[in-house]
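For reference, the structure is listed below as structure tokens.
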Amino acid sequence: TKEMNPGWVKVQANWSFLQPNGPNPDEQVLRTFELNLQSADRQGFRILLSIAKAPPWARPNGQADSPPDNPQALVDFINMLFQNTKIGEVVDAIEIWNEPNLRREWNTDTLPFSGAGYMQLFKPAYDAIKAYRSDIIVVTAGLAPTGDTDGSIDDRIYLQQMYDNGLARYDAAIGIHPYGWGNAPDA
């Protein structure tokens, strides 16, 4: 990767993998993850940490790939990363969740399947990150480029819902997934 000189690397913090059995992390997995991030930092990469995939114990509804039933559980996970590792010292940006405009990534009835529901998760996570280190860039979840179906919400509509529910009040970068799919290369 270094030979291609991308400048940034995006690494997913798979919450379910790091805390599979409850609030206490798998120490060996957590340390390996921390060492890998520190290695990337030493190589000169800027690091975007993408947090997603709540573990089963944080989503009692039992649905895979859903957010936690209680946004405070995500805040507790973020605080655990900052307090128990040096990850907070090496990351430059943190993305909060992944493609919440797809039902398969937001498979819960606790938080609405909408930009408003996502903002219920985003706001406390943003505050926790900024309380730890104010210069970390906070990035909204990259939205899936899609239309309205039973399993998805059009990304432009979803983003507007996020703004309608307070996104403009936050100093956050907007995450995107710029896949071409139905869009012509020159669009």
Give the Debye-formula value of log10 I(q)/I(0) at each listed q (0.21, 0.22 Å⁻¹), with one equal scatterer per alpha carbon of the stretch 94-136, two decimals each. -0.68, -0.72
Judged on accessible area alone, 1.4 Å probe, highest first, Ser50, Ser39 line up as Ser39, Ser50
Helix-only mean residue ellipticity at 222 nm for the chain, each DSSP H run of n ≥ 4 adding -39500 (n - 2.57), per residue, nearest 500: -10500 deg cm²/dmol
Stokes-Einstein D for the stretch 1-129 (20 °C, 1.002 mPa s, Kirkwood Rh from Cα pairs), in µm²/s, comes to 142
So for the chain, averaging the separation of alpha carbon pairs under 8 Å that are six or more residues apart and normalising by length, what relative contact order in percent results? 18
Report the full-extension gain for the segment Tyr179 to Lys2: residue separation times 0.36 nm, less the Cα-Cα distance, to one decimal in nm. 61.4 nm
Round to the nearest 10 and report in Å² the accessible area of Arg104, as given by a 1.4 Å probe over the protein chains' heavy atoms. 150
Given Pro25, Leu35, Ile51, which one lies farthest toward the positive end of the charge dipole of the stretch 1-59, if we put +1 on the Cβ of every Lys and Arg and -1 on the Cβ of every Asp and Glu? Ile51
Going out from 0 in 5 Å bins, what whole percent of all Cα-Cα distances in the stretch 52-187 drops into each bin? 2, 10, 20, 22, 19, 15, 7, 3, 1, 0
With a length cut of 15 Å (Cα positions projected on each helix's long axis) and a Kyte-Doolittle mean of at least -1.0, go through the chain and give me the DSSP H helices that pass. 27-42, 71-84, 115-132
Phe122, Phe33, ranked by accessible area, largest first (probe 1.4 Å): Phe33, Phe122
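The values are calculated or read from the model by the stated rules, or taken from the named source; none is laboratory data. What you see is a predicted model, and the numbers here were worked out from it, not measured in a lab. All Cβ positions, even for glycine, are placed from backbone atoms using ideal geometry, and neighbour counts span all protein chains on display. Protein only, heavy atoms only, side chains kept; ligands, DNA and RNA dropped before computing areas. Shrake-Rupley method; radii C 1.70, N 1.55, O 1.52, S 1.80 Å.
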